[in-house]
1. Tell me, yes or no, whether the range 131-139 has at least one residue that is touching a residue at least 60 places away in the same chain (Cβ under 8 Å), over 30 Å from Glu47 (Cβ atoms) and not in a helix (DSSP H, G or I).
2. In the range 40-76, which residue that is β-branched (Val, Ile, Thr) and within 15 Å of the chain's Cα centre (by Cα) is nearest to Pro173 (Cα to Cα)?
3. If Leu110 meets every condition in (1) assigned to a helix (DSSP H, G or I); (2) among the aliphatic types (A, V, I, L, M); (3) in the same structural domain as Tyr154 (by TED's automatic domain parsing) apart from one, which number is that one?
4. Between Glu26, Glu48, which is outside any loop (DSSP other than H, G, I, E, B), acidic (Asp, Glu) and outside the structural domain of Glu169 (by TED's automatic domain parsing)?
5. On the given criteria, is Val36 in contact with a His (Cβ under 6 Å, 6 or more places away or on another chain), part of a helix (DSSP H, G or I) and not assigned by TED's automatic domain parsing to the domain that holds Lys156?
6. Taking interchain pairs and intrachain pairs at least six residues apart, which have beta carbon atoms under 6 angstrom, with the first residue in the range 1-30 and touching a residue at least 12 places away in the same chain (Cβ under 8 Å) and more than 20 Å from Gly45 (Cα to Cα) and the second surrounded by fewer than 14 Cβ atoms within 10 Å (Cβ to Cβ) and among the acidic types (Asp, Glu)?
Amino acid sequence: MKSPKLTEAFGLAVKIHQHKKWKKTERAFLHHPLGVASLVQFYGGDEEQVQAALIHDTLSEGVTYEEIHHQFGIEVANLVKAFEDPPEVAALKMNWAQSKRGYIQKIEHLPPRAIFVIACEELHELMAIIHDAKYFGASVWNNYPVPGRDLGWYYKTLTSTFYTQLSEEKYRPLVSEFASQTKILSNRVFEGIDS
């Protein structure tokens, strides 16, 4: 899979994220969009979905929907827009749990193409949490606004959502892996490293 638009998406991701760090660590943030794009491709996503994966965090960094639409087309722009919190989350200044509930409710009304890319993004973040919990123990929760048990709730709820919304056969491997990783996170939380 190689095209000028894919190269442009990679270039935009580098431009926007090259100096950012990942969640209070020294790890380069850029590993995240690259990892999400890799998962999208691994689980059978098409080129537009890979482009969206590369630039999925750019709207929150000041790039506009119109700019993405102009450069990459409406399909990629809509896939990226799917990552935004619902307007009421910002307007009502919801707490973490309320904002996550609102985001999950929004996901439930998105087309499967968008939910697929979101599931790959959430899987990459989930894998990063598990990795850091394994190697750094309880200190990993300092990088998040809530303890591990709350993150466990979020990922369990996402698992149910993905299971329902991504019911086609082609999505089964992704949903199954997401469920497996969520179980690993839950086990680590119950081992007592969540606070």
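1. No: zero hits.
2. Looking only at the range 40-76, we keep the residues that are β-branched (Val, Ile, Thr), and these are 40, 50, 55, 58, 63-64, 68, 74, 76.
Those still in the list that are within 15 Å of the chain's Cα centre (by Cα) too: 40, 50, 55, 58.
Details: Val40: 12, Val50: 18, Ile55: 24, Thr58: 28 Å.
If we take residues in the range 40-76 being β-branched (Val, Ile, Thr) and within 15 Å of the chain's Cα centre (by Cα), then Val40 is nearest to Pro173 (Cα to Cα).
3. Among (1) assigned to a helix (DSSP H, G or I); (2) among the aliphatic types (A, V, I, L, M); (3) in the same structural domain as Tyr154 (by TED's automatic domain parsing), the lone unmet condition for Leu110 is (1).
4. The unique qualifying residue is Glu48.
5. The answer is yes for Val36.
6. Correct list of pairs: Ile16/Glu61.
Residues checked against (1) modelled with pLDDT of 95 or more; (2) in the same structural domain as Gln41 (by TED's automatic domain parsing); (3) more than 23 Å from Glu61 (Cβ to Cβ):
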site: Trp96; (1), (2), (3): no, no, no
site: Ala119; (1), (2), (3): yes, no, no
site: Glu122; (1), (2), (3): yes, no, no
site: His131; (1), (2), (3): no, no, yes
site: Phe136; (1), (2), (3): no, no, yes
site: Arg149; (1), (2), (3): no, no, yes
site: Tyr171; (1), (2), (3): yes, no, yes
site: Phe178; (1), (2), (3): yes, no, yes
site: Leu185; (1), (2), (3): no, no, yes
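The values are calculated or read from the model by the stated rules, or taken from the named source; none is laboratory data. A quick note: this is a predicted structure, and the numbers were derived from the prediction, not measured. Using ideal geometry, Cβ is built from the backbone for each residue, glycine included, and neighbour counts are taken over all protein chains shown.
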